[in-house]
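Undergrad: My structure is below; once you've seen it, I'll send some questions.
The values are calculated or read from the model by the stated rules, or taken from the named source; none is laboratory data. For clarity, every value in this text was computed on a predicted model and none was experimentally measured. Neighbour counts run over all protein chains shown; Cβ positions are idealised from the backbone, glycine included. Side chains included, ligands, DNA and RNA excluded: accessible areas come from the protein's heavy atoms. Shrake-Rupley method; radii C 1.70, N 1.55, O 1.52, S 1.80 Å.
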Amino acid sequence: MTDRRVLIVDDEPDIRELLEITLGRMGLETESAATLQEARSHLEKAEFDFCLTDMRLPDGNGIDLVRHISTDYSETPVAMITAHGSMDTAIEALKAGAFDFVSKPVDLAQLRNLVDQALKLQPMAEGGPGTGTRLLGESPAMQRLRKQVAKMARSQAPVYISGGSGSGKEVVARAIHEQGPRAAGPFVPVNCGAIPSELMESEFFGHKKGSFTGATSDKEGLFQAANGGTLFLDEVADLPLPMQVKLLRAIQEKAVRPVGSQQENSIDVRLLSATHKDLARLVEIGDFRQDLYYRINVIELKVPSLRERAEDIPLFVKEMLGKLAQEYGGDSPTISAAAMDALRNYAFPGNVRELENILERAYTLCEDDCIEVGDLQFSPAAAGEDADFGSSADGDDSRPIPAASTAGATSAAPLRPPEDPGSLEDYLESIERNKITEALEATRWNKTAAAKRLGITFRALRYRLKKLGME
């Protein structure tokens, strides 16, 4: 860290000296200021790689300095020293543009880690919007989103990512992680709605051997797994209220206590969260804690719906069809102008995820390597609808997505419902498997002839064979 310079702003000489010694041992050059005026003077005369400021200063507020640096010296990350337990002050600093905060009395190990993270930040010119390769599209909405992601990657503030179902919230979370100083650390995504409520505490915080029936060994929790990296809480609105209380404490204390343990373990985790539900509305009706809402929603980032970036659809189509061709070992099909127009005019209640499903279906059904309107298989009545499906309270739409059909089949025998109503999906797969096996045996395992006998394309047959594990 030779030649890296840090500005320390604190009106207490003992604190300044402690910070100077600590950062000096890290190989950093330091300059000190006791007031806001002195700090501004230092910033005018020299460039700094990092700034550490106290909250209360004789001639003003440290947050004013955070805003000043964020506006006029945006390449310089700044961290705030706050009084112990003053989480509201820390959140205010983060919203003003602070990289992170550290509480008094200062934990030197935590401080050194914070400085390490800040100094890993790349200049905006190198780590800015152009590096967001996951975020495809050149529409104004996507250009704006990439700029916001690049800015948020330069902070440790919790980010709440909102947007409709299937709009790409996890992709945005990964982009924030990959462009930030924690890129070398783990990115741990977790679907909060998929964890049984009775196992949540153990899953998040870990447990000790023998702490409950079935705990046959120590287990690391999700927070520990994400240590040094990013924890992404998807569908955070699905957390039960008792778990919300425990999550709030973990965020505030930056520590977790495994189930059955008497000791808390410090954690260093960047927290990102998302949901397609209206979280503010859930706070109003009492289904989500207001204090937790303000902790995870320090910065809100809205992911635009696919309809808001319709001009990017051709780019998405090209990328997705290329991936499908690579996955199934075929050539990437073309798409007719009429089919592309139909995609541009479709409402896409399921956003990017629905586009992927539509294209995968069309890929298996199209003839002569060209996708036509009929291969897309969405309801014509839905195309061009002007309702904003992404802005509903829960982001869901009641219309079913059409299932893939065996276009061209001449007849279909009526199906009897299963006597044992177990898994309908398994039942339908068994019928499909039997029909495909019959066709293959009748044609001596000639796949081209079997596809013709089944009334589907050769590509559709290959897709089904792979899906059913029959290759």
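Undergrad: If R0 is 41 Å, what FRET efficiency do you get for A183 and Y328 from their C-beta distance, rounded to 0.05?
TA: Numbers: r = 32 Å, r/R0 = 0.77.
About 0.85, to the nearest 0.05.
Undergrad: For the chain, what relative contact order do you get, as a whole percent, if you take Cα pairs closer than 8 Å and at least 6 residues apart? Intermediate values should be presented prior to the final figure.
TA: Details: 763 pairs, mean separation 52.8, N = 471.
Relative contact order, the chain: 11 percent.
Undergrad: Now for a separate question. Which value in nm describes the separation of the simple spin-label points at S336 and Y294, placed 7 Å from the Cα toward the beta carbon?
TA: 5.8 nm
Undergrad: Using R₀ = 35 Å, calculate the FRET efficiency as 1/(1 + (r/R₀)^6) where r is the Cβ-Cβ separation of R134 and D218; round to 0.05.
TA: Working from the Cβ atoms, E equals 0.50.
Undergrad: Per DSSP helix of 4 or more residues, -39500 (n - 2.57); summed, then divided by the residues of the chain. What does that give at 222 nm, rounded to the nearest 500? Each step should come with its number before you reach the end.
TA: On the way: 20 runs with 200 residues, N = 471.
Mean residue ellipticity at 222 nm (helix-derived): -12500 deg cm²/dmol.
Undergrad: Okay, moving on. Students often forget the sequence filter, so: which aspartates and glutamates lie under 19 Å Cα-Cα from K254 once same-chain residues fewer than 8 apart are removed?
TA: Leaving aside aspartates and glutamates fewer than 8 places away in the same chain, those within reach of K254 are D88, E92, D100, D107, D116, E201, E203, E220, E264, D268, D291.
Undergrad: So, one more: Given the whole protein assembly as supplied and a 1.4 Å probe, what does the accessible area of T213 come to in Å², nearest 10?
TA: Solvent-accessible area, nearest 10 Å²: 140 Å².
Undergrad: Follow-up question, since we're still on this one. Could you give the radius of gyration (one decimal) and Dmax (whole number) of the Cα atoms in the range 177-262, in Å?
TA: Cα radius of gyration and Dmax of the range 177-262 are 13.3, 42 Å respectively.
Undergrad: By how many nm would the segment from E441 to D11 grow when fully extended, if each residue of separation counts as 0.36 nm and the alpha-carbon distance is taken off? Don't skip to the end; give the middle numbers.
TA: Details: separation 430, 0.36 × 430 = 154.80 nm, distance 8.56 nm.
Result for the pair: 146.2 nm of gain on full extension.
Undergrad: Of K169/K277; K169/K219; K95/K246; K169/K323; K147/K246, which ones are farther than 22 Å apart at the Cα?
TA: Working: K169/K277 12 Å; K169/K219 29 Å; K95/K246 24 Å; K169/K323 20 Å; K147/K246 34 Å.
Exceeds cut-off: K169/K219; K95/K246; K147/K246.
Undergrad: Scan the chain and hand back the longest stretch that contains none of the chymotrypsin sites (Phe, Trp or Tyr not before Pro) lying in DSSP loops with at most 16 other Cβ atoms within 10 Å. Don't jump to the answer; show the numbers that get you there.
TA: On the way: sites that count: Y73, F212, W445.
Counting at most 16 other Cβ atoms within 10 Å as exposed, the longest clean stretch of the chain is 213-444.
Undergrad: Report the dimensions of the chain along its three principal axes from the alpha-carbon atoms, largest first, rounded to Å.
TA: Here the spans come out as 89, 56, 44 Å, largest first.
Undergrad: For the chain, with all protein chains present and a 1.4 Å probe, just round the carbon and sulfur fraction of the accessible area to a whole percent. Present the calculation step by step, with values, prior to reporting the outcome.
TA: Values: 11220 of 23530 Å².
Of the solvent-accessible surface of the chain, carbon and sulfur hold 48 percent.
Undergrad: Here is a further query. With Kirkwood's inverse mean 1/r over C-alpha pairs for Rh, give me the Rg to Rh ratio of the range 141-222, two decimals please.
TA: Values: Rg = 16.7 Å, Rh = 15.2 Å.
Looking at the range 141-222, the ratio lands at 1.10.
Undergrad: Accessible area per residue for the chain in Å², computed with a 1.4 Å probe and the full protein assembly in place, what is it? It would help to have the intermediate numbers written out before the result.
TA: Details: 23530 Å² over 471 residues.
Computed with neighbouring chains in place, this is 50 Å² per residue.
Undergrad: Continuing with this model, one more query. Under 5 Å between amide H atoms, partner at least 5 residues away or on a different chain: which partners does F101 have, H built in plane at 1.01 Å?
TA: Result for F101 returns M80.
Undergrad: Could you check the simple spin-label distance between D72 and R433, using points 7 Å along Cα→Cβ, in nm with one decimal?
TA: Reported label-point gap for D72 and R433 is 7.1 nm.
Undergrad: Please list the helices of the chain that count as membrane-span-like by this rule: a mean Kyte-Doolittle hydropathy of at least 0.0 together with Cα atoms stretching 24 Å or more along the helix axis, each helix being a complete DSSP H run.
TA: Details: long enough: 424-442 (27 Å, -0.62).
Counting only whole DSSP H runs, no helix qualifies.
Undergrad: When Rg is the radius of gyration of the Cα atoms in the range 284-327 and Rh is its Kirkwood radius, what does Rg/Rh come to?
TA: That ratio equals 1.30.
Undergrad: For the range 102-121 and the range 164-184, what is the separation of their C-alpha centers, rounded to whole Å?
TA: Taking the Cα centre of each part, the range 102-121 and the range 164-184 sit 24 Å apart.
Undergrad: Which cross-chain or sequence-distant (5 or more) residues have an amide H under 5 Å from the amide H of A83, H modelled 1.01 Å from N in plane?
TA: Excluding prolines and chain starts, which carry no amide H, the hits are K104.
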